[in-house]
Amino acid sequence: MRQIIPHTLYTRIGILLFLIVSTNFNAHSQENTNKQDVISLRPITSVLLAGQKDYSFEEVRNNRKLEFVPLTSLKENLGFSSDNYWLTFSLQNTTDRYKQYYLETARPITDVVNLFLVDDTNTVEKQYSGDKIPFSKKTIQHRKSIFDIGLRPGQKIQAYIHLKSDGEVVMLPMKLYQEASFFNLTYKEQVFYGFFYGILILAFIIYLFFFFALKDKAFIYYALYVLFIALMQFSLDGFFHQYFTPQGGWLSDRSVLLTAFVSLFFFGKYGDAFLNLKKNSPFLHNANKIMGLAIAIGVLLLAIPSNFEYCYPLANGIGILVLVHMIASLAVMKFKKQKVDIFFVIGISFLVLGFVVFILNNFNTIENSFFTSNGTKFGIGFEIIFLSISMSNRIRNLRMENEQNQMLALQRAEDMNEIKSSFLSNISHELRTPLNLIMGVATSLQENKDEENLDEKCKMLLSSSKNLLGYIEDILDFTVIEKGDQELKEVPFDLNATLQKILTLQEKKATAKGLAFNTLISDDLPARIVGDKAKLAQILNHLLDNAVKFTNKGSVAIEVVCNKKGDRAKIDFRIKDTGIGISEEKMSTIFESFTKKSFRDKREFSGLGLGLYIVKTYVDLQKGTIHLKNNPKQGTICELSLGFEIDEDKVSVPDESQEPISKVQMETGNILYVEDNKMNQTVVKLLFKKNWTKANLTIANNGKEALEIMKEKTFDMILMDLQMPEMDGFETTSMIRSGKANCDTQIPIIVLTADNTSQTRKKIFKLGANDLVTKPVNGPLLFSKMNKNATIKVIGKVA
């Protein structure tokens, strides 16, 4: 075996411009070398197209029936092929000096390239090349298919060359170099490839660092694309077999295809991320996913030897589609007037040009030359220059965007401080207003012993209390939403009854302002639906409250339409008013919770400004839609659409919130009320004094005191508060149910609490509570739940 030179891959890193200079220099040098020191043997070479017949050397040499044709009748590029080819030519040294030549043929990645030399004495010399054998087994250990031919003075030889590929492009260059020119060409190629691959590796490392610094996916996709395109070229040039897989084998055979498929995948992902096709063109984004699937199929086909030869044209075909997809993406961005960096377009243009030349050469549609066979290298070289500039612009844009985001965050922080101050001022005003009325009326009642206008004053107290309670509920809803704890409680309920209750309440409010209240409800509404009744009521009440609130004259109208499809019903609500309308400035932030604009009208109109934010959140939770727009004539139009499942079961469920006030007389019955607040104790005492006159009510100030009392007295039911000193309601309930208290473990426990969050409900029912009533306590609802859970003897109800 003869070692010509140690082919160490130069990894010098220089300025990108050196790549272009070295490329042009190499092409120019090779052109001069071709003219002076390279002999083409194609005119004197004949070829046998053996097809799939695997002849031995002796069969080819001795079988006169085998037909050789002039090689000049064929193109140098034979296209994708897995056939066997035999070449033959003769050489003679007519001088009186020894001649040393090096013969180059085939491509570096050709599987089998063997040379047989027959001299005047009929002696056969065999030389081996190709990447099917270990690199050390090559006669000339060179990345290319190189053979050593030495001719003594006057010596004549007949040469035979056997070539076979696995389906890759087969090329038949027949170049004979003199020894000095061969070494000169090899050294120049080393410099060229050293710059080329050094730049690619440098680009990979740099963009990898940028990805970790900026967390922009475009950088990691581009870095991996550069890496695998470098490995593909490394394989095509024969370096992969020389340095990575010198023993040959499975990976060596598939290195070109594997790296080609992977580089195409990351190129597609890079273009998708850089151009943000998911947002700018969902169709092309999905098309890119389909091409990714096609690439995955191509990779899987590599594991099937029988389909291996089809993978080469498949890879080239997918490459064309990827390029067409990139061109289409740029065209769509241009059509949609989306800004695309000009250097990105130039870089892609050079890449497309280089790959088009390379692929056309593979498909044997253009003549083979140094430029066409190295088209991708030229394209990639210019591409890296311009895409690197484009990436630099992207880095600058990301930096500017980050600075703008920081400035925006600072501005928003300042705005939030102002908003918080405004919100606290507003909530203080809104809460103090009803409190002021309540305290004023209560003082008046205390001072006026004759209780003049008592009924009117009681109505004022109740109205202010309801307003105050509504504000508190809005704040609690907002807190739950901000924590992400909101959930749907979907149960069957009577739709018509629910709507009538809501509309009756809102009609009273409109009438009190002198407004007409018009309703138009479709006759085909389902009797019962499955959904969250409370949230539906909350949504409609908020929207109608706003319509009445912001309308000073004219009317408020609501239209309800239903579209049924199978067991589903889509219910559309259209609320129209003749109010003041919504400014264009405020329309864009109407559903936000905290904006400066949301506090500008709070002095003219009451409220916390959280209603529409809560409405939008609950509509989204139910996967519905809501739109607000100004009426061209006057006022506002709100369009709400919600979907529900139709309940086929016609059996009605009692609505506890609508229980009429009732008096329940008890013959005997001991009730323990555990509550630390004296005012709450007084409220419950008054309820029992008026409605449950024969029930015995005992009060404990905390859980610990309740357990002590139960040691001495037996009770039929417990009303339990949660937040108490020493021992709270959670711990007390847990001790009763676990048997640690001296009482019946199954005694009914009804929780009375101001905490109405879903987490609290889940917790108390998990501990074993029977029911829950929220404060302020609704007397009829409390007595209804006590009746449902009572173990005492009820002697009757009086309406």
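Some notes on this structure:
- Residues of segment 37-62 that are surrounded by 13 or more Cβ atoms within 10 Å (Cβ to Cβ) and without any contact (Cβ under 8 Å) to a residue 24 or more places away in the chain: GLU59 alone.
- Taken as a whole, the structure places ALA223 among residues that are at negative phi, part of a helix (DSSP H, G or I) and either in contact with a helix residue (DSSP H, G or I) (Cβ under 6 Å, 6 or more places away or on another chain) or touching a residue at least 12 places away in the same chain (Cβ under 8 Å) (or both).
- When ILE590 is tested against (1) at pLDDT below 70; (2) part of a loop (DSSP other than H, G, I, E, B), exactly one condition is not met: (1).
- Hey, ASP523 of a type in the set (Asp, Glu) and surrounded by fewer than 19 Cβ atoms within 10 Å (Cβ to Cβ) or not: yes
- Only one of ALA27, ALA50 that is within 55 Å of the chain's Cα centre (by Cα), modelled with pLDDT of 85 or more, not in a loop (DSSP other than H, G, I, E, B) and not hydroxyl-bearing (Ser, Thr, Tyr): ALA50
- Test result for LYS685, touching a helix residue (DSSP H, G or I) at 6+ places or on another chain (Cβ under 9 Å) and assigned to a helix (DSSP H, G or I): no
- Taking segment 237-342 and the helices (runs of 4 or more DSSP H) fully enclosed by it, the elements with 1 or more residues that are in contact with a His (Cβ under 8 Å, 6 or more places away or on another chain) and of a type outside the set (A, V, I, L, M) are at 250-275, 277-280, 282-301.
- Out of ARG152, ARG97, ARG143, sole residue that is within 21 Å of PRO246 (Cβ to Cβ) and in contact (Cβ under 8 Å) with a residue 40 or more places away in the chain: ARG143
- Looking at LYS623, LYS629, just one residue is at pLDDT 50 or above and in a loop (DSSP other than H, G, I, E, B), and that residue is LYS623.
- Matching entry among PHE204, PHE183, PHE192 (being farther than 26 Å from GLU76 by Cα, out of contact with any His (no Cβ under 7 Å at 6 or more places or on another chain) and outside any loop (DSSP other than H, G, I, E, B)): PHE204
- Of the residues ASP119, ASP83, the single one that is more than 25 Å from TYR312 (Cβ to Cβ) and either assigned by TED's automatic domain parsing to the domain that holds PRO246 or of a type in the set (Asp, Glu) (or both) is ASP119.
- Taken together, PHE517, PHE573 contain a single residue that is in contact with a Leu (Cβ under 7 Å, 6 or more places away or on another chain) and at pLDDT 90 or above, which is PHE573.
- Within segment 375-400, residues that are among the basic types (Lys, Arg) have Cβ atoms under 8 Å from residues that are not in a helix (DSSP H, G or I) in these pairs: ARG394/ASP216; ARG394/ASP341, counting only partners at least 6 apart in sequence or on another chain.
- Segment 113-136, subset without any contact (Cβ under 8 Å) to a residue 24 or more places away in the chain and not in a strand (DSSP E or B), residue surrounded by the most Cβ atoms within 10 Å (Cβ to Cβ): THR123
For every residue, the table says whether it meets (1) under 19 Å from GLY379 (Cα atoms); (2) aromatic (Phe, Trp, Tyr); (3) in contact (Cβ under 8 Å) with a residue 60 or more places away in the chain.
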site	(1), (2), (3)
SER263	yes, no, no
TYR270	yes, yes, no
LEU277	no, no, no
LYS289	no, no, no
VAL299	no, no, no
VAL322	yes, no, no
HIS325	yes, no, no
LYS337	no, no, no
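- Hits in segment 54-96 - residues which are among the acidic types (Asp, Glu) and part of a loop (DSSP other than H, G, I, E, B): ASP54, GLU67, GLU76, ASP83, ASP96
- Flag if ASP755 is more than 50 Å from the chain's Cα centre (by Cα) and of a type in the set (Asp, Glu): no
The values are calculated or read from the model by the stated rules, or taken from the named source; none is laboratory data. This structure is a prediction, so every number in the text was calculated from the model and none was measured. FYI the Cβ positions are ideal-geometry reconstructions off the backbone, even for glycines, and counts take in every protein chain you see.
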